[in-house]
Amino acid sequence: MGMRALLGLLLAACLTLAAGPARAHPHVWITATSELLYAPDGSITGVRHAWTFDDMFSAYAVQGLEAKTKGAFTREELTPLAQTNVESLKEYAYFTFARADGKKERFQEPVDYFLDYKDTVLTLHFTLPLKTPVKPKQLVLEVFDRSFFIDFQMAKDNPVKLVGAPAGCQMKLERPNDGTASAQKLNEQTFLNGENSNFGMMFANKITVDCP
């Protein structure tokens with residue numbers, strides 16, 4: 001199976017399904033860490049993500065991939081899959097939304113992206129540069145899938161780092177409550193009414209950085 005066909009099955013098909021009615025529970029689970037990157041002048045230049053996919057998705061994604069060592073994939077062997085991953089994420093704005101002092105900021109296409117495979121799971125690493133570096137009093141960064149097809153959970157240990165941030169910047173992370181249970185309680189009619197387009201916002205991971 002070609003890489004594009006594989007990814008078509010993985011993300012595109014998955015996310016198309018997610019748009020259907022009553023799909024109010026995740027099918028892919030991601031454990032995430034994020035680093036906010038700062039320039040020497042104190043402006044934020046971008047965000048670096050590491051997203052570890054669940055076992056099932058990882059097993060499916062590497063099916064049919066050639067590896068010199070059975071069951072072990074090198075970064076080089078995963079390069080085409082990494083490329084198709086980031087290309088397909090563009091349509092979903094990389095599930096990453098930023099506001100600087102309340103103003104929506106946009107990202108450029110990812111750089112420095114690669115996949116690694118360890119302990120039977122895939123981790124996608126990529127950096128999203130801001131189109132324009134910003135130096136806000138408050139930055140809010142949210143990571144979530146609007147359709148809640150993908151469940152993003154920030155890692156338990158060191159979920160967010162500020163890299164090169166000015167002294168005095170304070171960061172807080174608001175994790176969603178375990179949304180899966182409450183998602184399943186909502187009745188199907190809610191979704192048929194078309195109110196689910198931003199359903200995933202209820203389960204957003206919200207990073208707020210306040211700088212002096």
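The values are calculated or read from the model by the stated rules, or taken from the named source; none is laboratory data. Since the model is a prediction, treat every value here as computed from it, not as a measurement. Cβ atoms come from the backbone with ideal geometry, glycine included; neighbour counts cover every protein chain shown. The accessibility values were calculated without ligands, DNA or RNA, using every heavy atom of the protein model including side chains. Shrake-Rupley method; radii C 1.70, N 1.55, O 1.52, S 1.80 Å.
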Return the residue satisfying two criteria in turn: it lies in region 102-137 and is surrounded by 13 or more Cβ atoms within 10 Å (Cβ to Cβ) and of a type in the set (Ser, Thr, Tyr), and of such residues it is nearest to residue 72 (Cα to Cα). 117
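For the condition more than 21 Å from residue 35 (Cα to Cα) and β-branched (Val, Ile, Thr), what is the one hit in 123, 79? Working first, answer last.
Values: 123 fails: more than 21 Å from residue 35 (Cα to Cα).
On inspection, the qualifying residue turns out to be 79.
Of the residues that sit in region 33-54 and are hydrophobic (A, V, I, L, M, F, W, C) and under 21 Å from residue 170 (Cβ atoms), which one is farthest from the chain's Cα centre (by Cα)?
Within region 33-54, the first condition is being hydrophobic (A, V, I, L, M, F, W, C), and the residues that meet it are 36-37, 39, 44, 47, 50-51, 53.
Filter again for under 21 Å from residue 170 (Cβ atoms), leaving 36-37, 39, 44, 47.
Working: 36: 14, 37: 16, 39: 23, 44: 19, 47: 11 Å.
The qualifying residue farthest from the chain's Cα centre (by Cα) is 39.
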Does residue 99 meet the test of being under 22 Å from the mean Cα position of the chain (by Cα) and loosely packed, with under 15 Cβ neighbours inside 10 Å? no
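Conditions tested, residue by residue: (1) assigned to a strand (DSSP E or B); (2) in contact with a Ser or Thr (Cβ under 6 Å, 6 or more places away or on another chain); (3) not acidic (Asp, Glu).
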position: 35; (1), (2), (3): yes, no, no
position: 41; (1), (2), (3): no, no, no
position: 51; (1), (2), (3): yes, no, yes
position: 57; (1), (2), (3): no, no, yes
position: 97; (1), (2), (3): yes, no, yes
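Please verify whether residue 145 is closer than 14 Å to residue 52 by Cα, at pLDDT below 95 and not small (Gly, Ala, Ser), treating the condition exactly as stated.
Numbers: closer than 14 Å to residue 52 by Cα: no; at pLDDT below 95: yes; not small (Gly, Ala, Ser): yes.
So residue 145 fails the test.
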Suppose the filter is aliphatic (A, V, I, L, M), surrounded by fewer than 18 Cβ atoms within 10 Å (Cβ to Cβ) and assigned to a helix (DSSP H, G or I); does residue 93 pass it? yes
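Out of everything in region 138-158 that is closer than 26 Å to residue 60 by Cβ and open to solvent by 20 Å² or more (accessible area, probe 1.4 Å), what residue ends up being farthest from the chain's Cα centre (by Cα)?
Within region 138-158, the first condition is being closer than 26 Å to residue 60 by Cβ, and the residues that meet it are 143-156.
Among the residues that remain, those that are also open to solvent by 20 Å² or more (accessible area, probe 1.4 Å) are: 146-147, 153, 156.
Values: 146: 11, 147: 13, 153: 9, 156: 16 Å.
The extreme case among them is 156.
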Quick check: anything in region 31-48 at pLDDT 95 or above and aromatic (Phe, Trp, Tyr)? yes
